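Q: I have a structure here, written as structure tokens, and I will follow up with some questions on it.
The values are calculated or read from the model by the stated rules, or taken from the named source; none is laboratory data. This is a predicted model, so every value here is computed, not measured. Positions of Cβ are generated from backbone atoms using ideal geometry, with glycine treated the same way; all protein chains shown enter the neighbour counts.
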Amino acid sequence: MTKVTVVEVRDEGQGVRLFRVQRTDKRAFEEFTAGAHVDVTGPTGVTRQYSLCGPPKDRTQMTFAVKLEEESRGGSRALHEEVSPGDELTVSTPRNLFPLYLKATRHVLVGAGIGVTPLLSMAYELHRLRKPFALHYFVRDAATAAFVTMLREGPFAGSVTVHEGLSRQKQQEVLEGFLGAVDEDEHVYTCGPEGFMDRVVDIGRRTLPEDNLHREHFTAVDTTGMASDSFEVELDTGEVFEVPADKSIVEVLGENGVEIDTSCREGICGTCVLTVLSGEPDHRDNCLTAKEKARNDQMATCVSRARSARLVLELE
């Protein structure tokens with residue numbers, strides 16, 4: 001985690017505030033890749049994950065946007081109401097669970113609402129690399145939506161289409177129109193409300209293989225009604241622990257003096273992912289891709305469980 005100083009705070013659309021930060025020690029940030037996010041710890045000590053939305057090659061600053069959540073538990077509300085230029089925050093090293101596949105012949109970025117933020121860093125990078133792309137941004141009202149002015153007037157404005165105030169049926173028609181025209185060498189990236197991403201992916205599957213469809217998640221998997229039996233976890237140290245139905249792997253290991261790095265504890269950020277040496281995980285996260293889950297060689301230990309009686313995990 002790194003101490004940063006807030007150098008700019010500005011409203012960026014209705015209910016969205018943009019924060020630009022620099023390292024307090026004046027050093028350069030580590031270079032990040034397009035689509036990355038950071039953990040941000042605000043004045044209340046609450047840590048949340050936010051996508052970086054500035055140019056990835058700019059190591060002098062980081063930029064992220066925060067939507068004020070109506071049912072905020074102290075994360076977004078504190079950043080909106082208690083943070084001003086000159087204040088200090090703490091941020092993590094950037095992590096990327098939503099990277100660009102740069103071998104694609106063309107990239108189609110599809111965002112809605114605050115989900116446009118990771119797509120902005122992708123657009124900056126693709127524009128810098130002179131790779132063909134299209135960014136489609138769906139908003140209710142362009143006058144109050146975040147980043148619309150920048151998208152329409154910025155360096156890659158010619159690759160941007162803002163879709164404003166569409167009905168659900170019209171949105172479906174527009175998505176089917178441009179996604180139906182992609183070919184098998186193109187890749188699609190989507191971020192926004194879960195239902196919106198589901199529609200993008202479902203339409204994309206008609207013409208593209210699963211590996212060409214990428215989605216970002218801001219919410220945890222709903223595990224209501226999912227069975228949770230006890231199972232055993234064996235570490236590569238030889239230690240064996242029982243994980244009861246009402247506790248996570250992270251919790252059990254922590255109680256036994258084995259600390260696993262965690263952040264969201266909701267299966268979103270990927271901090272707690274460990275290598276699976278044997279056994280079959282029951283994946284309940286939103287940080288691993290479908291392909292990664294199918295391999296069963298890693299798992300998010302804060303939420304995922306086991307289908308086998310025992311899992312053998314490697315500590316990293």
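Q: Consider Ala300 carefully, then state whether it is surrounded by fewer than 16 Cβ atoms within 10 Å (Cβ to Cβ), at negative phi and hydrophobic (A, V, I, L, M, F, W, C).
A: no
Q: Taking the criterion of being crowded, with 20+ Cβ neighbours inside 10 Å, modelled with pLDDT under 90, touching a helix residue (DSSP H, G or I) at 6+ places or on another chain (Cβ under 9 Å) and part of a loop (DSSP other than H, G, I, E, B), would at least one residue in the stretch 219-241 satisfy it?
A: No, the conditions are met nowhere in the stretch 219-241.
Q: Hey, another quick one. Checking Ile268 against (1) part of a loop (DSSP other than H, G, I, E, B); (2) among the aliphatic types (A, V, I, L, M); (3) exposed (fewer than 14 other Cβ atoms within 10 Å of the Cβ), which test does it fail?
A: (3)
Q: Same structure again: Say whether the condition of being part of a loop (DSSP other than H, G, I, E, B) and in contact with a Phe, Trp or Tyr (Cβ under 7 Å, 6 or more places away or on another chain) is met by at least one residue in the stretch 146-156.
A: no
Q: Consider Val188 against the criteria (1) touching a Gly at 6+ places or on another chain (Cβ under 6 Å); (2) at pLDDT below 95: it satisfies all of them except one. Which criterion is unmet?
A: Just one mismatch for Val188, condition (2).
Q: With within 30 Å of Gly267 (Cα to Cα), in a helix (DSSP H, G or I) and not assigned by TED's automatic domain parsing to the domain that holds Cys264 as the only criterion, which of Gly111, Gly74, Gly115 stands out?
A: Gly115
Q: Considering the stretch 24-83 alone, what residues qualify as being within 26 Å of Glu125 (Cα to Cα), within 19 Å of the chain's Cα centre (by Cα) and among the small types (Gly, Ala, Ser)?
A: Ala34, Gly35, Ala36, Ser51, Gly54, Ala65 - these are the residues of the stretch 24-83 that are within 26 Å of Glu125 (Cα to Cα), within 19 Å of the chain's Cα centre (by Cα) and among the small types (Gly, Ala, Ser).
Q: Could you say whether any residue in the stretch 163-175 is within 26 Å of Met62 (Cα to Cα) and touching a strand residue (DSSP E or B) at 6+ places or on another chain (Cβ under 7 Å)?
A: The answer is no; no qualifying residue exists.
Q: For Gln49, state whether it is surrounded by fewer than 16 Cβ atoms within 10 Å (Cβ to Cβ), touching a residue at least 12 places away in the same chain (Cβ under 8 Å), in contact with an Asp or Glu (Cβ under 9 Å, 6 or more places away or on another chain) and not β-branched (Val, Ile, Thr).
A: no
Q: Could you go through the stretch 193-204 and let me know if any residue there is acidic (Asp, Glu), surrounded by 17 or more Cβ atoms within 10 Å (Cβ to Cβ), under 22 Å from Met299 (Cβ atoms) and modelled with pLDDT under 95. Give the steps one after another, and end with the answer.
A: Let us first name the residues in the stretch 193-204 that are acidic (Asp, Glu), namely 194, 198, 202.
Checking which are surrounded by 17 or more Cβ atoms within 10 Å (Cβ to Cβ) leaves us with none.
Within the stretch 193-204, not a single residue is acidic (Asp, Glu), surrounded by 17 or more Cβ atoms within 10 Å (Cβ to Cβ), under 22 Å from Met299 (Cβ atoms) and modelled with pLDDT under 95.
Q: Considering only the stretch 279-307, state which residues are touching a Ser or Thr at 6+ places or on another chain (Cβ under 8 Å) and either among the hydroxyl-bearing types (Ser, Thr, Tyr) or within 24 Å of Arg48 (Cβ to Cβ) (or both).
A: Residues satisfying the conditions are His283, Arg284, Asp285, Asn286, Gln298, Thr301, Cys302, Val303.
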